[in-house]
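To keep things clear, I will list the structure first and then write my remarks on it.
Just so it is clear, none of the values below were taken in a lab; they were calculated from the coordinates. Computed from a predicted structure; not experimentally measured. Using ideal geometry, Cβ is built from the backbone for each residue, glycine included, and neighbour counts are taken over all protein chains shown.
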Amino acid sequence: MTTTTLVSVSASKKNTAIRTRFAPSPTGYLHVGGARTALFSWAFARHHGGTFVLRIEDTDLERSTPEAVQAILDGMSWLGLAHDEGPFYQMRRMDRYREVLAQMLEQGTAYHCYSSTEEVEAMREKQRAIGEKPRYDGTWRPEEGKQLPPLPSDRKPVIRFRNPLDGDVTWHDLVKGEITISNRELDDLVIARPDGTPTYNFCVAVDDWDMKISHVIRGDDHVNNTPRQINILNALGATLPEYGHVPMILGVDGQKLSKRRDAVSVMDYLDKGYLPEALLNYLARLGWSHGDDEVFSMEQMCAWFDLSHLSSSPSQFNPEKLGWINNHYIKAADNQRLADLVHPEMQKQGAIFDGAPDLASVIDLMKERANTTLELAQAAMLFYRYPQPDAALLRQHLTDLVRPALQAYAQACETIVWEKAAISALMKQVLAQHSLKMPQLAMPLRLLLTGQVQTPSIDAVVELFGRETVLQRLAVLKD
Ligand code: GLU
């Protein structure tokens with residue numbers, strides 16, 4: 001007796017708890033729009049100490065390859081959007097769907113329909129011809145006192161949901177406000193095909209019910225599915241979740257993001273040198289705001305995210321702003337982490353690491369201006385390739401006036417203490433002794449050490465290269 005009471009108390013508690021879900025259909029990659037709704041669902045669950053469920057809607061067998069499923073999991077894990085339950089796979093829940101279908105047939109909220117595809121098409125044609133919205137005409141829908149046609153022996157039936165004929169479906173959308181759809185607009189939806197496999201909206205409704213989802217946050221391309229799912233949930237006697245439909249993300253040109261033109265896959269951003277925390281921060285601001293805050297941590301977002309301040313109009317993807325945010329996170333990131341990220345790219349570019357400066361220290365010097373880790377890798381290459389200064393530039397900067405000063409500089413480099421203060425004192429001393437201005441010495445020094453005329457502060461560059469390399473590269477002055 002006591003046990004029963006305890007079970008029911010904890011079960012009813014669970015029903016009121018905040019439970020959100022991300023329910024992607026694998027397409028081969030995690031779309032940035034999907035990642036944003038996942039982020040909103042995740043942050044809302046975290047905000048309330050709730051549960052974030054991951055559900056893979058893999059009933060489209062052609063698209064749901066193991067690789068496509070893995071791409072979703074990889075994207076989520078790169079972003080750090082950890083689920084608390086799942087992943088649940090719809091394909092593994094077929095028995096449960098069949099069970100619910102049987103229950104609905106028995107309760108009369110669903111029925112077998114033997115109309116053939118051709119017959120359904122013909123009835124739609126007829127309705128279109130008289131200006132009516134095409135819909136199933138209810139031939140096989142059981143009604144009190146209605147005589148159904150004789151069962152065809154050569155045909156397997158579909159199962160249709162017995163949608164209410166009158167009234168409206170109304171919900172208060174958490175993003176869009178009140179939405180009302182008349183039941184007259186809704187067909188008796190096919191919820192199982194002739195081979196018994198359940199269809200999309202039915203599976204979603206059963207899953208949201210079974211998984212006790214309290215808040216469905218998803219893209220507004222699903223608004224039309226919501227009244228159908230609500231009707232099914234009502235027929236099942238389920239508690240309805242709240243719904244929030246987030247407007248889509250548009251490209252810079254105001255058009256829908258396109259796979260061909262835009263980087264739509266989350267993993268494209270990894271390849272392009274973005275940090276996951278930067279992408280998350282950027283996505284958070286697409287369609288949601290917290291005052292004027294642009295840069296914030298996920299801890300802050302979870303503390304703030306309560307579904308208020310979601311925008312009901314589409315947001316536009318701005319690559320420049322993403323670059324700016326990424327730069328912020330690159331500057332804040334640990335140097336060794338960045339070094340590990342740029343190393344493979346530098347290897348591709350032929351970096352010579354042997355005898356070269358410590359990469360983390362180079363990163364520390366170069367990260368200030370990098371918008372991506374690819375740019376950072378490119379900038380860091382300064383220290384990892386053999387310098388080949390342009391001969392004309394060298395003639396221009398390494399004049400007879402400058403040469404003795406550089407020779408003196410090189411000679412002193414043999415003995416000074418190798419640290420920033422001493423290196424910069426040496427520079428000042430040589431400039432004063434030879435009555436030169438900084439660029440007159442720094443330019444040829446840059447060319448000889450790096451082959452470039454643009455580098456960070458020359459003292460920092462000299463220090464990082466180390467005494468041995470500096471002396472080696474300045475040895476040409478002795479000729
Ligand atoms: N599987 C759907 C999609 O990837 C989402 C379904 C839902 O969130 O209800 O678009």
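What helices does the chain have that are whole DSSP H segments, at least 27 Å long along their own axis by Cα, and with mean Kyte-Doolittle hydropathy of 1.6 or more? Could the numbers behind the result be given before it?
Values: long enough: none.
None clear 27 Å together with a mean of 1.6.
Restricting to lysine pairs 8 or more places apart or on different chains, what number in the stretch 347-479 have Cα atoms under 21 Å apart? Present the calculation step by step, with values, prior to reporting the outcome.
Working: Lys348/Lys367; Lys367/Lys420; Lys420/Lys428; Lys420/Lys437; Lys428/Lys437.
Summing the qualifying lysine pairs gives 5.
May I ask you to derive the FRET efficiency for Ser297 and Gln70 from their Cβ-Cβ distance with R0 = 22 Å, giving the value to the nearest 0.05?
Working: r = 28 Å, r/R0 = 1.28.
So, using R0 = 22 Å, E works out to roughly 0.20.
Quick one: check the C-alpha center-to-center distance for the stretch 206-275 versus the stretch 320-355, whole angstrom.
The two parts, judged by their Cα centres, are 33 Å apart.
Which FRET efficiency value, to the nearest 0.05, do you get for Gln429 and Tyr386 by plugging their Cβ-Cβ distance into 1/(1 + (r/R0)^6) with R0 = 22 Å?
Values: r = 30 Å, r/R0 = 1.34.
Efficiency, rounded to the nearest 0.05: 0.15.
Starting with the highest mean, order 233-245, 125-137, 89-101 by the number of other Cβ atoms within 10 Å, averaged over the residues of each peptide.
On the way: 233-245: 17.7, 125-137: 12.2, 89-101: 15.8.
Top to bottom by mean Cβ count within 10 Å: 233-245, 89-101, 125-137.
What size of dipole, in debye to the nearest 20, comes out for the chain about its Cα centre when the only charges are +1 on Lys and Arg C-beta atoms and -1 on Asp and Glu C-beta atoms?
Numbers: 51 positive and 61 negative charges, 107 e Å.
Charge dipole of the chain: 520 debye, to the nearest 20.
Quote the FRET efficiency, to the nearest 0.05, computed for Lys478 versus Glu368 with a Förster distance R0 of 35 Å and r equal to the Cβ-Cβ distance.
Values: r = 35 Å, r/R0 = 1.00.
E between Lys478 and Glu368, to the nearest 0.05, is 0.50.
In whole Å, what is the distance between the alpha-carbon centres of the stretch 134-168 and the stretch 426-479?
Each part's Cα centre sits 87 Å from the other's.
Per residue and in cubic angstrom, what volume does the convex hull of the Cα atoms of the chain have? The partial results should precede the final answer.
On the way: hull volume 108.3 nm³, N = 479.
Residue-normalised Cα hull volume stands at 226 Å³.
Which of Ser297, Leu464, Gln90 sits closest to the plus end of the dipole of the chain, meaning its Cα is farthest towards the positive end, when Lys and Arg get +1 and Asp and Glu get -1 on the C-beta?
So the residue we want is Leu464.
Express in whole angstrom the spacing between the alpha-carbon centres of the stretch 176-192 and the stretch 283-316.
30 Å
Please compute the alpha carbon radius of gyration of the stretch 159-232, then divide it by the globular-protein estimate 2.2 N^0.38 Å. Two decimals is fine. Walk me through the numbers on the way to the answer.
Details: Rg = 12.8 Å, N = 74, 2.2 N^0.38 = 11.3 Å.
In units of the globular-protein estimate, the stretch 159-232 measures up at 1.13.
Using a Cα-Cα cut-off of under 30 Å, which lysines could be cross-linked to Lys133, ignoring same-chain neighbours fewer than 8 residues away?
In chain and number order, the partners are Lys146, Lys156, Lys176, Lys256.
Using only the Cα atoms of the stretch 392-435, each taken as one equal point scatterer with no solvent, compute I(q) by the Debye sum, divide by I(0), and report log10 of the ratio at q = 0.18, 0.26, 0.30 Å⁻¹.
Listed by q, the Debye log ratios stand at -0.56, -0.91, -1.04.
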